[in-house]
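**Student:** First the structure, which I've put down as structure tokens, then a few questions once you've had a look.
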Amino acid sequence: MPIFKKIKLGVRSKIFAASLVIALMLLLSGGMAFFEFGRMSRYISEFISNSILSVDLTRNLLNTSERYHSDLFRQIGGDGLLAQPETIPDDEFESVMDRLYTVLASEQERMIADSVRYAYSAYMQVSLEIETVWLLPQDDRTDWYFNRLQTVYAKLRNYLTRLSDASQSAITDSYNSLQDSYYRSIMPGIVANAASIVLIMLFVYFLSHYVVQPMVRMSRGLKDYRHSGKSYNVTFDYGGDQIQSMNEDIKELIDENKSIKKRGV
């Protein structure tokens, strides 16, 4: 190869350089796979943790609203009511919603969460009528409950259920993402290992072309000279490495041996 004619490297240096390239490729592939797998593991762990927390928070909101709404239904039929019934605490609901926004992973979940907040505002707006409604007869209170409050509560409950389902679906999606990320994490290693195999093949070719074949040619040249007296004409140019130097030394020794034999005759 022309590059070895320009760069003066010995056999040891050439073998060491080729081995170093292969080692660096393997090290690079291992490092890339380790980095990608670690990044994937951290991302999936955080994603699943946030999705589970989102489901828990949404279920808590759903249970809280269901409890207060059911308590209101049980109280609405009583006679001689002395106090207004409690509704869903505004501070508690908003606090959970603010926390919920910090763990929502997808835009779809955020959109549903916005709908939950709007539905809750509508529910609380209708709930403000309790102060007046509670002074009305039982039939009027019942009519108000089913025709006004129940309608806005049904929307609130529907959005909370959809948000919970979306968070649970996100957990399933994260599992699929985990599989995809796993394959992505091992791909750099596979590619690098394939490249390493190619380099090893080139390394074997290099040893065969620059070390084994010259040694075989020199050995044959020596045998031909010893057994049949043929001239030693083995030549190659590998950038002046030790094998080429050895070949030149062998040729000089044979030429000296020929001269000695001629003088002896």
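**Student:** Could you give me the residue pairs with C-beta distances under 9 Å whose first residue belongs to segment 124-140 and is assigned by TED's automatic domain parsing to the domain that holds Phe73 and under 13 Å from Gln75 (Cα atoms), whose second residue is part of a helix (DSSP H, G or I) and among the aliphatic types (A, V, I, L, M) wherever it lies, and which are 6+ apart or on separate chains?
**Tutor:** Short answer, once both residue conditions are applied: Ile130/Leu72; Ile130/Leu149; Val133/Ile76; Val133/Leu149; Trp134/Ile76; Gln138/Ile76.
Residues are listed down the side, and each one gets a yes or a no for (1) touching a residue at least 60 places away in the same chain (Cβ under 8 Å); (2) of a type in the set (S, T, N, Q); (3) closer than 30 Å to Val21 by Cβ:
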| position | (1), (2), (3) |
| --- | --- |
| Phe206 | yes, no, yes |
| Arg226 | no, no, no |
| Gln244 | no, yes, yes |
| Lys251 | no, no, no |
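**Student:** Name, by its number, the condition in (1) surrounded by 12 or more Cβ atoms within 10 Å (Cβ to Cβ); (2) among the polar types (S, T, N, Q); (3) modelled with pLDDT under 85 that does not hold for Thr132.
**Tutor:** Only one criterion in (1) surrounded by 12 or more Cβ atoms within 10 Å (Cβ to Cβ); (2) among the polar types (S, T, N, Q); (3) modelled with pLDDT under 85 is unmet by Thr132, namely (1).
**Student:** So Val116 fits all but one of (1) buried (at least 18 other Cβ atoms within 10 Å of the Cβ); (2) touching an Asp or Glu at 6+ places or on another chain (Cβ under 9 Å); (3) within 27 Å of Ile52 (Cβ to Cβ); what number is the exception?
**Tutor:** So the condition that Val116 fails would be (2).
Per-residue answers, yes or no, for (1) modelled with pLDDT under 70; (2) farther than 30 Å from Arg99 by Cα:
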{"position": "Arg12", "(1), (2)": "yes, yes"}
{"position": "Val21", "(1), (2)": "no, yes"}
{"position": "Leu27", "(1), (2)": "no, yes"}
{"position": "Gly30", "(1), (2)": "yes, yes"}
{"position": "Glu46", "(1), (2)": "no, no"}
{"position": "Leu53", "(1), (2)": "no, no"}
{"position": "Leu81", "(1), (2)": "yes, yes"}
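**Student:** Can you spot a residue in segment 60-72 that is under 24 Å from the mean Cα position of the chain (by Cα) and modelled with pLDDT of 75 or more?
**Tutor:** Checked segment 60-72: no residue is under 24 Å from the mean Cα position of the chain (by Cα) and modelled with pLDDT of 75 or more.
**Student:** Would you mind stating whether Ala170 is at pLDDT below 75 and either surrounded by fewer than 17 Cβ atoms within 10 Å (Cβ to Cβ) or polar (S, T, N, Q) (or both)?
**Tutor:** Considered against the rule, which asks whether it is at pLDDT below 75 and either surrounded by fewer than 17 Cβ atoms within 10 Å (Cβ to Cβ) or polar (S, T, N, Q) (or both), Ala170 comes out as no.
**Student:** Return the total of residues in segment 236-265 being loosely packed, with under 14 Cβ neighbours inside 10 Å, within 60 Å of the chain's Cα centre (by Cα) and at pLDDT 80 or above.
**Tutor:** 3
The values are calculated or read from the model by the stated rules, or taken from the named source; none is laboratory data. This structure is a prediction, so every number in the text was calculated from the model and none was measured. Don't worry about glycine lacking a Cβ; one is built from the backbone with ideal geometry, like all the others, and counts go over all protein chains shown.
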